[in-house]
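Working notes for the structure below.
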Amino acid sequence: IATSDKKKILLLGKSGSGKTSMRSIIFSHYSPTETRRLGPTMDVEHSTVRVFGSLQLTLWDCGGQEAFMDSYFTTQREFIFKNVEMLIYVFDMEFRDFDGELLYFENCLQSIQLFSKEAKIVCLLHKMDLVAADLQETVVREKSEELTKRTGNMDVRIFSTSIFEPSLYRAWSHIMNSIMPNIEAIRRHLETFCKVADVTEVVLFERTSFLAIAGYQLREIPGKGDTFDVLSSILKSFNLALNNKRSASFKIVRIRLDGFILIITNFTKNTVLMATTDNPNMTPATLTSNIRIACEHFK
Ligand code: GTP
């Protein structure tokens, strides 16, 4: 799991679109309501997050007030847009002037093409909680079409998000997964663990953010969808409720459901693991001890 990489991620979008809020929730243990206290970001705020071994994400939270935005495309252009691994552009769905916002977005695309041709791009249609439920699907479809017209064949993914919903975790898990260099090797390790220890499903989460890194399902679990984002958000809230502001330091949670054992536990230094089994002969103690043995292979 250990990697030694520094990755530059640009967070751009107009002032008040929610950039600092999402960064603070995911990486600094803010609750969604606490983000109301955040002031505007002056120029660029850099924060380095050590997410996994020695993988370092350097987030460039670029304040969205007009004067700052203009400087990103003039005096600071090369400084901002060079060596970028990923550009995340946040669109505020409450903001009426989407066309005006698209001009900024197009400027970003041109600058990225010029200085970081290989960068991946993620667009977040953010504050979806403020769009009426019956309009959400249409809004997302129309905005996505507009964005796709502008991005052509660039590597772009579009997500709809809100800080009050698990959708935030879905988008950021994708962001994290697509810049992690050794994700396939981790998946293979999880698959081996499930097969050897007869674990029905396993999910690995990054320990600060609770973003799902990878998972494997040995057997179909009836009635269960793809719920990693929901789990991330529940674990995050659970951790906040325990008041572990600085680190995710709950040790172990064991739950027995109808014919199921579910364990969530700290795993390696940087990860939390969730494992479930429907094997009726397995006890929580056996599963815990298998997790401890597997842990050695992930260090
Ligand atoms: P600048 O630093 O000026 O560029 O702004 P910013 O993009 O960093 O915006 P910020 O994160 O400071 O958020 C502005 C406001 O939007 C805060 O009051 C947040 O609570 C609110 N906000 C952020 N995300 C959401 C969301 O998903 N839904 C709703 N309803 N409000 C949000």
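To the nearest 0.05, what FRET efficiency results for L38 and N153 with a Förster distance of 45 Å applied to their C-beta separation? Present the calculation step by step, with values, prior to reporting the outcome.
Values: r = 36 Å, r/R0 = 0.80.
Computed FRET efficiency for L38 and N153: 0.80.
Of V196, V44, V156, which has the largest mean-square fluctuation in a 10 Å C-alpha GNM of the chain?
In the Gaussian network model the winner is V196.
Using Cβ counts within 10 Å as a stand-in for footprinting exposure, how do W172, W60 rank, fewest first? Working shown, then result.
Working: W172 27, W60 20.
Listing W172, W60 from fewest to most nearby Cβ atoms yields W60, W172.
Go ahead and estimate [θ] at 222 nm for the chain from helices alone: -39,500 (n - 2.57) per DSSP H run with n ≥ 4, summed, over the residue count, rounded to 500. Each step should come with its number before you reach the end.
Details: 9 runs with 113 residues, N = 299.
Computed ellipticity for the chain at 222 nm equals -12000 deg cm²/dmol.
Among K127, K149, which comes first, second and so on when ranked by fewest other beta-carbon atoms within 10 Å? All intermediate terms of the calculation are to be shown ahead of the outcome.
Details: K127 22, K149 9.
In order of increasing Cβ crowding within 10 Å: K149, K127.
Could you tell me which of rounded, prolate or oblate describes segment 1-113, using a ≥ b ≥ c as the square roots of the eigenvalues of the alpha-carbon gyration tensor, with rounded for a/c under 1.5 and, failing that, prolate when a/b is larger than b/c and oblate otherwise? If you can, show how the numbers build up before the last one.
Numbers: a/c = 2.01, a/b = 1.20, b/c = 1.68.
Judged from the Cα gyration tensor, segment 1-113 comes out oblate (a/c at least 1.5, b/c at or above a/b).
Counting only residues 5 or more places away or on other chains, whose amide H sits under 5 Å from the amide H of T271 once H atoms are built in the peptide plane?
Excluding prolines and chain starts, which carry no amide H, the hits are R207.
Please compare each pair in K143/K236; K120/K195; K120/K143 to a cut-off of 27 Å on the Cα-Cα distance and tell me which ones are over it. Before the final figure, lay out the partial values.
Working: K143/K236 30 Å; K120/K195 34 Å; K120/K143 19 Å.
Long pairs (Cα-Cα over 27 Å): K143/K236; K120/K195.
Which FRET efficiency value, to the nearest 0.05, is calculated for T138 and A67 with the Förster distance at 45 angstrom and r the Cβ-Cβ distance?
Working: r = 34 Å, r/R0 = 0.77.
The pair T138/A67 has a calculated efficiency of 0.85.
Modelling each spin label as a point 7 Å along the Cα-to-Cβ direction, I'd like the E45/T75 distance in nm, to one decimal.
Inter-label distance under the simple model: 2.2 nm.
Just R188, R207, R170 to compare: in a GNM of the chain, with alpha carbon springs under 10 Å, which one fluctuates most?
R188
If all Cα-Cα distances of the chain are sorted into 5 Å bins from 0 onward, what percent lands in each bin, rounded to whole numbers?
1, 5, 11, 15, 17, 15, 13, 10, 7, 4, 2, 1, 0, 0
State the antiparallel share, in %, of DSSP beta bridges confined to the chain, rounding to the nearest 5.
Details: 31 of 55 bridges.
Close to 55 percent.
Percentage of Cα-Cα pair distances in segment 39-99 greater than 19 Å, rounded to whole percent?
Working: 755 of 1830 pairs.
Of all Cα-Cα pairs in segment 39-99, 41 percent lie more than 19 Å apart.
Based on the Cβ-Cβ distance from E184 to Q56, what FRET efficiency comes out when R0 is 22 Å, to the nearest 0.05?
Values: r = 21 Å, r/R0 = 0.94.
The formula returns an efficiency of 0.60 here.
Amide H of G13: which non-local residues (sequence gap of 5 or more, or other chain) have their own amide H closer than 5 Å, using H built in the peptide plane?
When sequence neighbours closer than 5 places are left aside, the close amide H contacts are V90.
Taking the Cβ of A67 as the center, what net charge do the other residues with Cβ under 14 Å away carry, scoring Lys and Arg +1 and Asp and Glu -1?
Numbers: positive: K14; negative: D43, E66, D70.
Computed value for this residue: -2.
Compute the label zone of I255 within segment 162-181: residues whose backbone N is under 17 Å from the point 7 Å along Cα-to-Cβ.
The answer is 166.
Suppose every Lys and Arg Cβ carries +1 and every Asp and Glu Cβ carries -1, with no other charges. What dipole size does segment 59-116 come out with about its Cα centre, to the nearest 20 debye? It would help to have the intermediate numbers written out before the result.
Values: 3 positive and 11 negative charges, 59 e Å.
It works out to roughly 280 debye.
How big is the dipole moment of the chain about its Cα centre under a simple scheme where the beta carbon of each Lys and Arg is +1, that of each Asp and Glu is -1, and everything else is neutral? Debye, nearest 20, please. Provide the component values of the computation, followed by the final result.
Details: 36 positive and 35 negative charges, 253 e Å.
The dipole magnitude comes to about 1220 debye.
For the chain, set up a Gaussian network in which alpha carbons nearer than 10 Å are linked by springs, and say which option among T20, T283, T200 fluctuates the most.
Among T20, T283, T200, the largest mean-square fluctuation in the Gaussian network model of the chain belongs to T283.
Which of I9, I291, P40 sits farthest toward the positive end of the charge dipole of the chain, with +1 on the Cβ of Lys and Arg and -1 on the Cβ of Asp and Glu?
I291
In whole Hz and in residue order, list the ³J(HN,Hα) couplings for segment 204-213 that follow from phi through the Karplus curve 6.51 cos²θ - 1.76 cosθ + 1.60, θ = phi - 60°; x for Gly and Pro.
9, 10, 6, 7, 7, 9, 6, 6, 6, 8
Quick note: the coordinates plus some simple rules give every number you see, no bench work behind them. Computed from a prediction, not measured in an experiment: that's the story for all the values here. Note that each Cβ is placed from the backbone with ideal geometry, even for glycine, and that neighbours are counted across all protein chains shown.
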